[in-house]
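Data first, discussion second: the structure below is written as C-alpha cells.
The values are calculated or read from the model by the stated rules, or taken from the named source; none is laboratory data. What you see is a predicted model; the values in this text were computed from it and never measured. Here the Cβ positions follow ideal geometry from the backbone for every residue, glycine too, while neighbour counts run over all protein chains shown. Note: areas computed on protein heavy atoms with side chains; ligands, DNA, RNA excluded. Shrake-Rupley method; radii C 1.70, N 1.55, O 1.52, S 1.80 Å.
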Amino acid sequence: MSRYLVTIGLETHVQLKTATKMFCGCSLRFGAEPNTNVCPVCLGYPGALPVMNREAVRLTVVSGLMLGCGINRHSTFDRKNYFYPDMSKDYQISQNTHPLCVGGGVTIRMPEGERRVRINHIHLEEDAAKINHYARHSGVDFNRCGTPLMEIVSEPDLSSPDEAMAYLQALKQILLYAGVSECNLEEGNMRSDVNISVRPEGQETLGTKVEIKNMNTFKGIYAALEYEIARQLAAVSRGGVIVQETRRWEPDLGETQPMRSKENAHDYRYFPEPDLVPVSLDEALVAEWRAALPELPAARRERMVAEYGIPEYDAGVLADAKENADFFEAAARQCGKGLGKTVSNWFMTEVMRLLSEGGRTIAECALTPEALAELVALVDSRVINGPTAKELLPELFASGGMPGALVKARGLGQVSDVSALEGLVEQALAANPKSAEDYRAGKKAAAGFLVGQVMKLSKGKADPQLVGRLVAEKLAGQA
Ligand code: ZN
Ligand code: MN
C-alpha cells in the first residue's frame with residue numbers, strides 16, 4: 001500500500017474590534033435583541049450606500065504588519081454575488097483582486113522544531129446575518145450583518161491536525177497581542193474554514209480538496225480534521241475518488257457531511273464594488289502604524305528572560321496570555337532587581353492555581369500587580385513568612401486591598417525576636433523529649449518535627465529559618 005500525504009490550509013475569519021459595522025454606523029454590541037442594531041445599509045435596502053470603516057482598515061493592516069505581510073498601498077473592494085437568506089442584498093462586499101495584505105506567515109512550535117506557515121493574503125469583508133434554527137421555523141438576525149471581518153488565508157502548508165492547532169493558537173495569540181480582536185471563540189469572533197486533501201507520496205499535484213465550513217471551536221476543528229483525513233484516506237486506499245465539495249462538521253454525530261458541491265470563484269461573479277472608492281494607504285501612515293506595533297509574543301519572551309532574569313520556561317508560561325505577562329511585568333518592575341524569579345514563582349504557582357480554581361482570568365479578579373509586588377517584598381524582607389503570604393492571597397484575590405495593611409491590622413508579622421522564639425523552642429523540646437532523644441540517636445529528621453511544633457506554638461507566625469537555626473543550636477547544646 002502506498003503512503004499518503006495530507007495537506008491542510010485554513011481560511012480564518014476574525015471579527016475586528018471596532019465600535020461600529022464595516023459600512024454603516026450600527027453598533028456591534030454583542031448580545032443585543034435580534035434586529036435592533038440595523039439600518040438600511042446593513043439590511044441591504046436598494047440604494048443605500050456603504051461608507052468604509054477606517055478603523056477596520058487600520059486593524060487589518062496592523063494584523064498584516066504583525067504577521068510579516070506586505071501591505072498593498074492600493075486595494076479595492078469587490079462584490080461576491082450569491083443568494084442566501086443571510087445576505088439580503090444578494091452579495092457580500094469583500095476583496096478579491098487587491099486585498100490589503102499579502103504574504104507573511106505564522107511561526108509554529110512543534111516537538112520537532114519551529115516552522116513557518118505561510119500566509120497567502122489577508123482581505124477585509126463584511127459578515128452575513130446570523131440564521132437561528134428553531135423547531136418549526138428559522139429566524140434571521142441582522143445584528144451581525146455588516147460586522148467587519150478580516151479573512152486570513154494560509155498557504156496549504158499544514159500536514160496534521162496538531163499543526164493546524166499550533167497554527168490557530170499562535171495566530172490567536174498574535175492577534176490578541178495586536179489588540180485587533182477579542183478572539184472570543186464562543187461569541188464566534190474567530191471562525192475557520194479548512195481545506196483538506198490527500199495524495200500519494202511522490203505525486204506533485206495536490207489531491208482534490210474538500211472544504212469544511214465555518215467552525216468556531218479549536219476542539220471541533222481538530223475533530224473534524226481527524227475525521228475527514230481518515231475518511232479521505234479510506235476512500236483513496238480503496239481506489240475511490242474524492243469529490244470536490246463543501247462539507248459540514250456535525251459535532252453531535254462526530255462526522256462531516258456533504259453540504260454542497262464546491263463552487264469555483266467564477267460562480268460568485270466577482271466584480272469591483274462600484275459604491276466604494278479604492279483604499280489608498282499613505283506610506284507615512286503605514287510607517288506610523290508600524291512604529292506603534294506592539295511586541296510579538298516571541299520577542300516578549302526573549303525580553304522577559306533578559307530583563308527579569310527568569311528561565312525561558314517561565315517566560316513561555318507567563319507570555320502565553322498577554323494579560324498575564326502584563327501583570328507579571330508590572331509586579332516584577334515594582335519589586336525591582338533580583339526578585340523577578342520570585343515574582344514569577346508566585347505567579348506561576350499560587351496565582352495561577354487560584355485562577356484555575358476560580359475559572360477566572362487575571363483581569364477578572366481583584367488582585368493587583370501592586371498587591372502581589374508588596375506581598376513578595378514582605379516575604380523577601382522577612383516581615384511575614386511564606387505560609388502567611390499564601391493565606392493572604394485568596395483574600396487579595398476576592399476583595400482586593402494591600403497585604404501590608406492586612407498584616408498590620410491583624411498582627412500577622414512574623415516573630416523574628418530571638419528571645420521570644422527561644423522560649424517557644426524550649427517549650428517544644430520539653431513537650432517532646434522523645435524527639436530530642438531521636439535526634440541525638442542520629443535521626444536528623446526529628447529536628448524538622450520540632451521546628452513544626454515551634455511554628456504551631458507561634459500560630460504560624462515564627463520566622464521558619466530562624467526557628468530552624470535555634471532548634472539546631474539547642475539540640476547541639478544538649479548533646
Ligand atoms: Zn447598519
Ligand atoms: Mn470570507
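When segment 71-107 is filtered for residues that are without any contact (Cβ under 8 Å) to a residue 24 or more places away in the chain and surrounded by 15 or more Cβ atoms within 10 Å (Cβ to Cβ), only 91 remains.
Rundown of residues vs (1) under 21 Å from residue 467 (Cα atoms); (2) free of Cβ contacts under 8 Å to residues at least 24 places away in the same chain; (3) assigned by TED's automatic domain parsing to the domain that holds residue 346, yes/no style:
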{"residue": "359", "(1), (2), (3)": "no, yes, yes"}
{"residue": "371", "(1), (2), (3)": "no, no, yes"}
{"residue": "374", "(1), (2), (3)": "no, no, yes"}
{"residue": "381", "(1), (2), (3)": "yes, yes, yes"}
{"residue": "392", "(1), (2), (3)": "no, yes, yes"}
{"residue": "395", "(1), (2), (3)": "no, yes, yes"}
{"residue": "405", "(1), (2), (3)": "no, yes, yes"}
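The residues of segment 220-263 that are over 30 Å from the mean Cα position of the chain (by Cα) and among the charged types (D, E, K, R), listed by number, are 231, 238, 245, 260, 262, 263. The sole residue among 310, 242 that is surrounded by 17 or more Cβ atoms within 10 Å (Cβ to Cβ), part of a loop (DSSP other than H, G, I, E, B) and not assigned by TED's automatic domain parsing to the domain that holds residue 376 is 242.
Candidates are the residues of segment 28-44 that are over 13 Å from residue 93 (Cα atoms) and small (Gly, Ala, Ser); the one that is farthest from ligand 1 (Cβ to nearest atom) is 31. Anything in segment 410-449 that is more than 29 Å from residue 377 (Cα to Cα) and part of a loop (DSSP other than H, G, I, E, B)? List them, or say none. 432, 441, 442, 443, 444, listed by residue number.
Please count how many residues of segment 136-169 are away from ligand 2 (no atom under 16 Å from the Cβ) and not small (Gly, Ala, Ser).
Pass one, segment 136-169, residues away from ligand 2 (no atom under 16 Å from the Cβ): 136-143, 155-169.
Subsequent filtering for residues that are not small (Gly, Ala, Ser) retains 136-137, 140-143, 155-158, 161-163, 165, 167-169.
The number of residues fulfilling the criteria is 17.
Here residue 80 fits the description: within 16 Å of ligand 2 (Cβ to nearest atom) and among the charged types (D, E, K, R). Evaluation of residue 282 against the conditions (1) within 22 Å of residue 178 (Cα to Cα); (2) open to solvent by 40 Å² or more (accessible area, probe 1.4 Å); (3) outside the structural domain of residue 164 (by TED's automatic domain parsing) shows that the sole unmet condition is (3).
Taking the criterion of being at pLDDT below 95 and either in contact with an Asp or Glu (Cβ under 7 Å, 6 or more places away or on another chain) or over 21 Å from residue 191 (Cβ atoms) (or both), the only residue of segment 16-31 that qualifies is 30. Checked against the criterion of being surrounded by 16 or more Cβ atoms within 10 Å (Cβ to Cβ) and within 26 Å of residue 65 (Cβ to Cβ), the candidates 317, 305 yield just one match: 305. Residues in segment 75-111 that are within 16 Å of ligand 1 (Cβ to nearest atom) and outside any strand (DSSP E or B): 4 in all. How many residues, within segment 108-147, are polar (S, T, N, Q), crowded, with 21+ Cβ neighbours inside 10 Å and within 24 Å of the chain's Cα centre (by Cα)? Here the count works out to 1.
The condition (being farther than 22 Å from residue 130 by Cα, within 16 Å of ligand 1 (Cβ to nearest atom) and either assigned to a loop (DSSP other than H, G, I, E, B) or aliphatic (A, V, I, L, M) (or both)) is satisfied by just one residue among 47, 25: 47.
Consider segment 1-52. How many of its residues are in contact with a helix residue (DSSP H, G or I) (Cβ under 8 Å, 6 or more places away or on another chain) and either surrounded by fewer than 15 Cβ atoms within 10 Å (Cβ to Cβ) or of a type in the set (Phe, Trp, Tyr) (or both)? Looking only at that region, the number is 3.
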